[in-house]
Amino acid sequence: MIVLGSDHAGYPLKEEIKVYLEENGIEYCDVGCYSPERYDYAKAAQKACEKVVSGEAKKAILCCGTGIGISMAANKVKGIRAAAVSDYFSAKFTRMHNDANCLCLGARVIGAGLALELVDVFLETGFEGGRHQTRVDQITAIENGEKVY
Ligand code: RB5
């Protein structure tokens, strides 16, 4: 299951992503927001990311105006590796090299066509492991207050 979340600026894109997931038979849950009324991105980020770290959801897809604020909030949740992405290469490699578990999109930055391509490659691409696992482990160590150098 994929968890979706957005603030008001990301709301229209989140709704388009929902249609795309439905059309492709991908199960999701939507933690809001549920209208274009003002809603702060940190709330959606925390709500969605809690479902990822609990194991209820495999990955999160979050939308705000730039994709940046919501990614910053998401990365404060322990166990989340969120990437704000607006190009295909980064969407693919943040899965292959960073094992990103949260894709953040900027509804005021990219159009829905590109956003859906990014969603697709993000969901389809696996983590390469190996030397990249060592680096991801270092991110986790930093999160746990350990020195990695
Ligand atoms: C909301 O106006 C906007 O600041 C927010 O969606 C996002 O772009 C923040 O990073």
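The values are calculated or read from the model by the stated rules, or taken from the named source; none is laboratory data. Note that the structure is predicted; figures quoted are calculated from it, not measured. So basically every Cβ, Gly included, is an ideal-geometry build from the backbone, and we count neighbours across all protein chains shown.
What are the pairs with Cβ atoms under 6 angstrom where one residue, in segment 69-85, is closer than 18 Å to residue 96 by Cα and the other, located anywhere, is surrounded by fewer than 19 Cβ atoms within 10 Å (Cβ to Cβ) and β-branched (Val, Ile, Thr)? Sequence gap at least six, or different chains.
Listed by first residue and then by second, the contacts come to 79/53; 84/68.
Determine which single condition residue 135 fails, assuming it passes every other condition in (1) away from the ligand (no atom under 16 Å from the Cβ); (2) of a type in the set (D, E, K, R); (3) within 16 Å of residue 65 (Cα to Cα).
Every listed condition holds for residue 135 apart from (3).
Take the conditions farther than 22 Å from residue 139 by Cβ, crowded, with 16+ Cβ neighbours inside 10 Å and hydrophobic (A, V, I, L, M, F, W, C) and apply them to residue 62. Does it pass?
Working: farther than 22 Å from residue 139 by Cβ: no; crowded, with 16+ Cβ neighbours inside 10 Å: yes; hydrophobic (A, V, I, L, M, F, W, C): yes.
No: the conditions fail for residue 62.
Take the conditions buried (at least 23 other Cβ atoms within 10 Å of the Cβ), touching a helix residue (DSSP H, G or I) at 6+ places or on another chain (Cβ under 7 Å) and closer than 14 Å to residue 8 by Cβ and apply them to residue 44. Does it pass?
Values: buried (at least 23 other Cβ atoms within 10 Å of the Cβ): yes; touching a helix residue (DSSP H, G or I) at 6+ places or on another chain (Cβ under 7 Å): yes; closer than 14 Å to residue 8 by Cβ: yes.
It is true that residue 44 is buried (at least 23 other Cβ atoms within 10 Å of the Cβ), touching a helix residue (DSSP H, G or I) at 6+ places or on another chain (Cβ under 7 Å) and closer than 14 Å to residue 8 by Cβ.
Which of the helices (runs of 4 or more DSSP H) found entirely inside segment 2-113 contain at least 2 residues meeting this: within 16 Å of the ligand (Cβ to nearest atom)? Explain how you work it out, then say what you get.
Working: elements: 11-23, 41-53, 68-74, 88-96.
Of the helices (runs of 4 or more DSSP H) lying wholly inside segment 2-113, those with at least 2 residues that are within 16 Å of the ligand (Cβ to nearest atom) span 11-23, 41-53, 68-74.
Determine the pairs where a residue that is within 16 Å of residue 93 (Cα to Cα) and at pLDDT below 95, located within segment 103-132, has a partner that is in a helix (DSSP H, G or I) and away from the ligand (no atom under 16 Å from the Cβ) with Cβ atoms under 8 Å apart, the partner being 6 or more residues away or on another chain.
As it stands, the answer is none, since no pair meets every condition given.
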